[in-house]
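In what follows, a single structure is set out as structure tokens and then discussed.
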Amino acid sequence: MKYFLNGEPVEFEWTGEVESLSDRLIVRTNNGSFSALAVRDGDAILVSYQGYQYRLETKKPRNRKSGDASSGEFYAPMPGQVVDVLVAQGDTVEKGQKVLVIEAMKTQQPFLAPFNGTVVTLNAEKGMQVKDGELLASIQKTTE
């Protein structure tokens with residue numbers, strides 16, 4: 001069976017023991033015993049273990065669109081680097097205005113506002129690395 005960890009395919013070999021208690025898991029390995037928390041989220045399992053959070057799935061999640069005109073959300077279409085951010089959270093934008101630019105595989109991809117609106121979410125900073133499907137920004141449509 002193929003597994004995906006935080007959206008990326010993984011293959012792993014693991015030796016250890018997991019004991020289920022009423023409110024948590026105890027994970028015993030050669031490095032010691034640790035507490036973990038696991039919660040089902042639809043077909044996925046969310047795991048909190050040693051200060052990290054993981055999303056485990058048995059099938060690859062569908063890629064989100066890089067910009068969805070109906071929602072105003074911008075998602076990274078693939079792993080890359082943010083090379084320019086031209087707005088700030090709270091800014092008003094006009095349809096077609098460049099919001100941000102990412103570079104992936106030596107190609108720059110601009111993200112343009114799909115409609116007039118306000119930047120309500122901005123998770124991108126110049127120079128940061130982004131993962132496939134990561135939410136970069138969202139714009140709320142201005143009602144006219």
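MET78 falls short on exactly one of the conditions (1) in a strand (DSSP E or B); (2) farther than 16 Å from GLN140 by Cβ; (3) of a type outside the set (Val, Ile, Thr), and that condition is (1).
Rundown of residues vs (1) at pLDDT below 75; (2) surrounded by 10 or more Cβ atoms within 10 Å (Cβ to Cβ); (3) within 19 Å of the chain's Cα centre (by Cα), yes/no style:
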| residue | (1), (2), (3) |
| --- | --- |
| VAL18 | no, yes, no |
| SER35 | no, yes, no |
| GLY42 | yes, no, yes |
| LYS65 | yes, yes, yes |
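Beta carbons closer than 6 Å, at least 6 apart along the sequence or on distinct chains, pair a first residue in segment 36-64 that is under 20 Å from PRO77 (Cβ atoms) with a second that is at pLDDT below 80 and assigned to a strand (DSSP E or B) for ARG55/ALA44; ARG55/LEU46; GLU57/PHE4; GLU57/ALA44; LYS60/PHE4.
Residue count for segment 106-134 satisfying the condition of being closer than 15 Å to GLN81 by Cα and either of a type outside the set (A, V, I, L, M) or more than 19 Å from the chain's Cα centre (by Cα) (or both): 15. Cβ-Cβ contacts under 7 Å between residues 6 or more apart (or on different chains), taken from a first residue in segment 91-105 that is farther than 20 Å from MET128 by Cβ to a second residue that is in a strand (DSSP E or B) and modelled with pLDDT of 90 or more, are listed as THR92/THR118; VAL93/VAL99; VAL93/GLY117; VAL93/VAL119; VAL93/ILE139. Residue check: is GLY80 at pLDDT below 95 and in contact with a Ser or Thr (Cβ under 6 Å, 6 or more places away or on another chain)? So GLY80 does not fit the description; no. If you go through segment 23-59 and pick out every residue that is assigned to a loop (DSSP other than H, G, I, E, B) and either among the charged types (D, E, K, R) or farther than 22 Å from GLU8 by Cβ (or both), you end up with 6. Can you tell me which residue in segment 99-144 is modelled with the lowest pLDDT, limited to those that are hydroxyl-bearing (Ser, Thr, Tyr) and not in a strand (DSSP E or B)? Checking each candidate, the answer is THR143.
The values are calculated or read from the model by the stated rules, or taken from the named source; none is laboratory data. None of these values were measured; they are calculated from a predicted model. Using ideal geometry, Cβ is built from the backbone for each residue, glycine included, and neighbour counts are taken over all protein chains shown.
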